[in-house]
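**Student:** Structure below; questions to follow.
Laboratory data are not the source of any read-out in this text; all were calculated from the coordinates shown. The structure displayed is predicted, hence computed values, not measured ones. Heads up, the Cβs are rebuilt from the backbone with ideal geometry, glycines too, and the neighbour counts pull from every protein chain shown.
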Amino acid sequence: MNVDKLVEIYYMVDEFLIKFMPYMEKKLLTEPTRKPTRTCSLNLSEIMTILIAFHLIGFRNFKLYYLHLEQFHSSEFRTLVSYNRFISLVKRTLVPMYFFTHSLSNSHSAPDKNFLRMKNVEFIYFLFL
């Protein structure tokens, strides 16, 4: 995948998250004793971009795709975490990714028509593999 396509996907995801995250944080239930969350060097937009690019490219094995990213796209993702850490971060994208895919299905500016054919349920299933 060329860099321009990655930038386009990242821009779309980031613009969506700028609008969506304040709304989501407002709707979350608060706990009196909230556990601290570990900070991450990758932001949510980068994680979602990596997941979307995986589906657009058509790799069959996510681990091989991630190793490909580490080897050939480390300049675009300067703070890539290890594969195991990335897999643990994927669950943070569940709700934003669900709403992002819905917003794309209602939009005419989708990055690729093949992406729109992917069912949300299949993607959510992938997140928890």
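**Student:** Can you tell me which of 70-77, 98-105, 21-28 comes out highest on packing, and rank the rest after it, using the mean Cβ neighbours within 10 Å?
**Tutor:** 98-105, 70-77, 21-28
**Student:** Highest mean first, how do 80-90, 54-64 rank when packing is the count of other Cβ atoms within 10 Å averaged over residues?
**Tutor:** In decreasing order of mean packing, 80-90, 54-64 become 80-90, 54-64.
**Student:** Turning to a different aspect of this structure: Go through LYS5/LYS63; LYS27/LYS91; LYS5/LYS26 and tell me which ones have a Cα-Cα distance over 26 Å in this structure.
**Tutor:** The pairs that break the limit, which is 26 Å between Cα atoms, are LYS5/LYS26.
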